[in-house]
Structures are given as C-alpha cells and as structure tokens.
Amino acid sequence: FGVPFSEKDTVFFGAALERMDIKNGTNIPAYYLQYAEEVGNPSNTLPLTIGWSSDTKDSALIPTRGTFQRFNTEWGVAGDARYLKAYYQFQYYLPITRDFTAAFNSEFGWGTGLSGKPFPVFKNFYAGGVNSVRGFKAGSLGPQTWNPAVSTDTYAIGGKERVIGQAELLWGVPGMEKSVRLGW
C-alpha cells in the first residue's frame, strides 16, 4: 500500500507470503531445476517491500516537463529464499519547443542472495520490449539458456543486475488528439 507524504511524494510498504513450486517438464530450463534443487522445492519466503516515488511531471499521460523517480527494495526475510533486491528509475522530460519534448529514462536493478542462498531465479531482472529496449521482444535481452536435448529454442533467464538508458524525442501527430505522440 502507498502513503502520500506530499503532493509529489509517496512511500510504499508491503509484505507477502510466496510459495514457489518448480515442476520438472520438457521445456523448463535446467537453470530453474538447479535452483529448486539447491533451495528446496517447493520453497516459501516472506518478502517485505518498501519504496518511494516522486512525481513532478506536468501530466500523468502526456508529460512535457518534470521528473519521475522511483526506488523500491524487496527483502526476503524468512523462509527458504533469502535475498535483497533493489530498483531505481529516473525519468526526465524537457520541452524543446511547443511541439517537441526530449524524454530521458534510466533504470538500475540489483539483487543478491543472502544467508548463503542464491538469488531466486523468479526475481531476476529482464530487458527488452517497448518499456525498456524497443525493437526487441519483451524480456529477450540478457542471459539465455536452452535444453539442447529437447529443442534449439533459447529461454531468457534474466539476471541479478540490469541497467537501462533511453533517450527519446516525442512530438504530436498533426490532426490527432494531443494524447497521440510519436517518438524517435
């Protein structure tokens, strides 16, 4: 849940009980089975989260100026999976002219296992897709694995770290609503 502390700042708190059961199948990457063998299967954990966001953008849907920041941590404090995961995002919108806006986005993610446990494979970071790296299939960038005995298809397994940087030029489409923008 989130608690607003000012017009622009919100602090988020959360807790959950998670159970992960990794079942052996023909298309499951060996990486997941190794994790299940090392941690135990099924595995249970109690993650606690705390986060903060600050939003000074002039519009939630079509921003032309301002910033957005978000920081989130997740700590697996009890159970079979013990880990720490942190994420930070910073967006900046700069009006160039009345019709053109420069948009910048940076994201940083980091995770580690705690108490001698590995970082949970189901908490890995992924990249690719319209919200991270356009032109790539969602979640397709980064470490890949496959099971050559079953198929030549590769599977994205994500990773414990992620760094993304984006720069865009946004402009409205003539004759269309203000909410329709193009980017390059």
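The values are calculated or read from the model by the stated rules, or taken from the named source; none is laboratory data. The structure presented is a predicted model; accordingly, all values stated were derived computationally and were not measured. Note: accessible area is taken over every heavy atom of the protein model, side chains too, but ligands, DNA and RNA are not part of it. Shrake-Rupley method; radii C 1.70, N 1.55, O 1.52, S 1.80 Å.
Dividing the helix sum by the residues of the chain, where each DSSP H run of 4 or more adds -39500 (n - 2.57), gives a mean residue ellipticity at 222 nm of -1500 deg cm²/dmol.
At a Cα cut-off below 14 Å, give the aspartates and glutamates reachable from LYS8, other chains included and same-chain residues fewer than 8 away excluded. Cross-link targets: ASP55, ASP58.
Sorting TYR32, TYR126 by accessible area puts them as TYR126, TYR32; the probe is 1.4 Å, largest comes first, and only protein heavy atoms count.
The 1.4 Å probe gives accessible areas that order LYS23, LYS117, largest first, as LYS23, LYS117. What's the angle, to the nearest 10 degrees (0 to 90), between helix 30-39's Cα axis and the longest principal axis of the chain? Orientation of helix 30-39: about 70 degrees from the principal axis. Per-atom-type breakdown for the chain gives carbon and sulfur 59% of the accessible area (1.4 Å probe, protein chains only).
Express the accessible area of region 72-167 per residue in Å², computed with a 1.4 Å probe while the remaining protein chains stay in the model. Show your work: numbers first, answer last.
Working: 5290 Å² over 96 residues.
Solvent-accessible surface per residue comes out at 55 Å².
Each distinct pair of alpha carbons in the chain adds a 1/r term; the inverse of their mean, the Kirkwood radius, is 19.0 Å.
Annotation for region 14-81 versus region 102-126: alpha-carbon center distance of 8 Å.
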